[in-house]
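Right, one structure below, let's go through it.
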Amino acid sequence: PRGSLSREHIRRLGLDLGRRPEAYATGIKEVWEVPEGTFGAGRVVHTVGHPLDPRDGIGGGWLYGIDETHLSIGYVVWLDYADPLLDPYEAFQAFKRHPWIAALLARGQMLEYGAKAVPEGGYHTVPQLVSDGCCRVGDAANLVNGQRLKGIHLAIHSGMLAAEAILDGLRSGDLSAAALEAYPRAFWGSWAGRELRRTRNFHGCFRGGRFWRGA
């Protein structure tokens, strides 16, 4: 997510004034090789809840069929959980022990694994996207759809639009924030901006717990 350079730049220039504080999650992912016919290429399964206690934390998992013999599996835990002893890695292991998931992995082998922090705050936490000589794209600008656990498509699209604005600025010799404003104007007017706006309240609706306010 937002690195130390972006964080310091945003803080110094006050680019997040009036925006909500960022909300983070930890995502853990593994790639498994499984026998053909185990899951299926292109199949997508999202889960919410299990194995977390709904009073202590919010999280969810995914299973993606990469191809006929490879499966991506992962689990994301929002970092505003109440239980100080909650361990996202242990939650992921418990997720994999669910009978249905355990059966999928029983004859497979793990090939790769990794983890990352995910900026889950979404639309309400996005800072100003431009300043003099600078454009913010992707995770550095909190451009993540927490409902879909997706941000790569938004990072690519924001990067393309920012590149167009920067190229125009280089041609004109003007890389001021005013000149680069073409980028945020294009982003918020595109399908990407509309997607973030549609899902803007997904994280906030779970503040009271998974069953009190969540869908």
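The values are calculated or read from the model by the stated rules, or taken from the named source; none is laboratory data. Computed from a prediction, not measured in an experiment: that's the story for all the values here. Virtual Cβ from ideal backbone geometry, glycine too; neighbours counted across all protein chains shown. Accessible surface areas use protein heavy atoms only, side chains included; no ligands, DNA or RNA. Shrake-Rupley method; radii C 1.70, N 1.55, O 1.52, S 1.80 Å.
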request  = Would you please name the residue that is farthest from ALA117 (Cα to Cα), looking only at residues in the range 148-187 that are touching a residue at least 40 places away in the same chain (Cβ under 8 Å) and open to solvent by 40 Å² or more (accessible area, probe 1.4 Å)?
outcome  = LEU175
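Please enumerate the residues belonging to the range 65-78 that are part of a strand (DSSP E or B) and surrounded by fewer than 19 Cβ atoms within 10 Å (Cβ to Cβ).
First pass over the range 65-78, keeping only residues part of a strand (DSSP E or B): 65-67, 70-78.
Correct list: GLY65, ILE66, ASP67, HIS70, SER72.
Kindly state which helices (runs of 4 or more DSSP H) lie completely within the range 162-206 and contain at least 1 residues that are basic (Lys, Arg). Give the steps one after another, and end with the answer.
Details: elements: 177-180, 182-188, 191-198.
Where helices (runs of 4 or more DSSP H) fall fully within the range 162-206 and carry at least 1 residues being basic (Lys, Arg), they are 182-188, 191-198.
Kindly check whether there is at least one residue in the range 106-118 that is among the polar types (S, T, N, Q) and in contact with a helix residue (DSSP H, G or I) (Cβ under 6 Å, 6 or more places away or on another chain).
Among the residues of the range 106-118, not one is among the polar types (S, T, N, Q) and in contact with a helix residue (DSSP H, G or I) (Cβ under 6 Å, 6 or more places away or on another chain), which makes the answer no.
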request  = State all residues of the range 88-105 that are touching a helix residue (DSSP H, G or I) at 6+ places or on another chain (Cβ under 8 Å) and among the hydrophobic types (A, V, I, L, M, F, W, C); if no residue qualifies, say none.
outcome  = PHE95, ILE101, ALA102, LEU105
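Table: residues versus (1) surrounded by fewer than 19 Cβ atoms within 10 Å (Cβ to Cβ); (2) assigned to a strand (DSSP E or B); (3) not aromatic (Phe, Trp, Tyr).
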position	(1), (2), (3)
GLY27	no, yes, yes
VAL31	yes, yes, yes
GLY37	yes, no, yes
GLY42	yes, no, yes
GLY49	yes, no, yes
PRO54	yes, no, yes
GLY57	no, no, yes
ask   = If you check every pair at least six apart or on different chains, which have Cβ atoms under 6 Å apart with a residue in the range 38-63 that is touching a residue at least 40 places away in the same chain (Cβ under 8 Å) first and a residue that is open to solvent by 40 Å² or more (accessible area, probe 1.4 Å) and not in a loop (DSSP other than H, G, I, E, B) second?
value = TRP62/HIS46
ask   = open to solvent by 40 Å² or more (accessible area, probe 1.4 Å), farther than 28 Å from HIS124 by Cβ and of a type in the set (A, V, I, L, M, F, W, C) - does that describe any residue in the range 84-98?
value = yes
Every pair of residues 6+ apart whose Cβ atoms lie under 7 Å, when the first sits in the range 3-19 and is touching a residue at least 24 places away in the same chain (Cβ under 8 Å) while the second is part of a loop (DSSP other than H, G, I, E, B) and open to solvent by less than 80 Å² (accessible area, probe 1.4 Å) = SER6/ARG136; ILE10/ASP16; ILE10/PRO127; LEU15/PRO127; ASP16/PRO127; ARG19/VAL126; ARG19/PRO127
